[in-house]
Amino acid sequence: MIYKKNRDTLLKDIRAINAYYKPLVLTLFLLLVTSVHVLAKPLDFTTKEVKFVSSGDTLAGTILKPEHPVAALVIVHGSGQEKRMMKWATLLAQNGIAVLTYDKRGVGESGGVYAGPEVGTNNVDAANLNLLSLDASAAVNALKKDLSDKHIQIGLIGGSQAGWIIPLTARKNNNVRFMTIFSGALVTVREQLRFQFYTNNDRSFWDTHTEEDARQHILNDPDKYQFTDTDPLPTLFELSIPGLWIYGGKDIQVPAQLSIEHLKTLQSKNNRYEYQLFPDLGHNTAFAKNQEPVEAVIKWIKTLKSSTKKK
């Protein structure tokens, strides 16, 4: 009798619980369906697969285009084995900027031979940087051809190694009207490597070293590799298009303070260059949890004057 009573009580409790939670389960189900519907809603830009030829090789990419773009960008790769950067491109497109992002040569669907840090120092040789700048220039032409409004300003955006490639591209192609660079070294390739070898990827480097320590090492350290060097300063001096550099104060791959010092020298010679320093960030300023660097770049692009011209 006690068992039957307990069982009846338990069944009664279960029925009560089911009656109580049934509306809640239904509500959660509807919320889930609604959320999926919202996520499935078409975004406010179109995508288009494209192919273009550079130095005899066919490269593949995607154009993301809002209905009325305020500007247009080609994303330039860093040193790695990088495919098209859809996440970054999507963020830019959602902010009204048309974007062409493509697979680096020899990577993904792009032809050609990949030369990266995994396969030797030819990655940083001047010949490879020049070849990559030709690829970016061809991408600019492909994007311009796709834009119905030919007055939309086209710029370049990228980080790290792209800091050397973007100025070379801008000098080659008059369609480039502005440039935005995250953590780009305004020193020679050899100097950047000396600094990077010195920090040895130690995240606490700046806790135990001073700016003077780093600069002395950059000046005096023997080079580990031999290759044809690239100095970005002469090229940047020749350009008159506006540029924005973003730096992290705790960068251990690029000497940020020395780069800013060189940038100030260029500013004194009437070059239209700006920079923003985020003291607590490291090298990957474009992909940090802190969204301020990317937001600053998007704001800067939207405020560019349409009268931008090159010398």
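Each reported figure results from applying straightforward, stated rules to the coordinates on display, with no laboratory input. In this text the structure is predicted, and so the values were computed from the model without any measurement. Cβ: placed from backbone, ideal geometry, glycine included. Neighbour counts: every protein chain shown.
Checking every one of the chymotrypsin sites (Phe, Trp or Tyr not before Pro) in region 191-228 against DSSP loop status and a limit of 16 other Cβ atoms within 10 Å picks out 225.
Summing Lys, Arg as +1 and Asp, Glu as -1, what charge do residues with Cβ under 14 Å from the Cβ of residue 112 carry, residue 112 excluded? Once all neighbours under 14 Å are counted, the net charge is -1.
Taking 17 Å as the straight-line reach from the Cα of residue 150, the aspartates and glutamates in range (excluding those fewer than 8 positions away in the same chain) are 67. Each of 77, 217, 151 has some number of other Cβ atoms within 10 Å of its Cβ, and from fewest to most they run 151, 217, 77.
Between the alpha-carbon centres of region 215-289 and region 192-210 there is a gap of 16 Å. Extent along the principal axes, Cα only, for region 97-204: 49, 27, 23 Å, with the longest axis given first. With a threshold of 21 Å on the Cα-Cα distance, the over-threshold entries among 48/145; 144/289; 145/172; 87/250; 51/104 are 144/289; 87/250.
Sparsely packed loop sites in region 82-185 (the GluC sites (Glu not before Pro) outside DSSP H, G, I, E and B with at most 16 other Cβ atoms within 10 Å) comprise 109, 118. Model label points for residue 213 and residue 267, set 7 angstrom from Cα along the Cα-to-Cβ axis, are 2.8 nm apart. Electrostatic tally near residue 232: other residues with Cβ closer than 13 Å to its Cβ, Lys and Arg +1, Asp and Glu -1, net -2.
Sorting 114, 102 from the fewest to the most surrounding beta carbons within 10 angstrom yields 114, 102.
Ranking of 208, 46 by neighbouring Cβ atoms within 10 Å, starting from the fewest: 208, 46.
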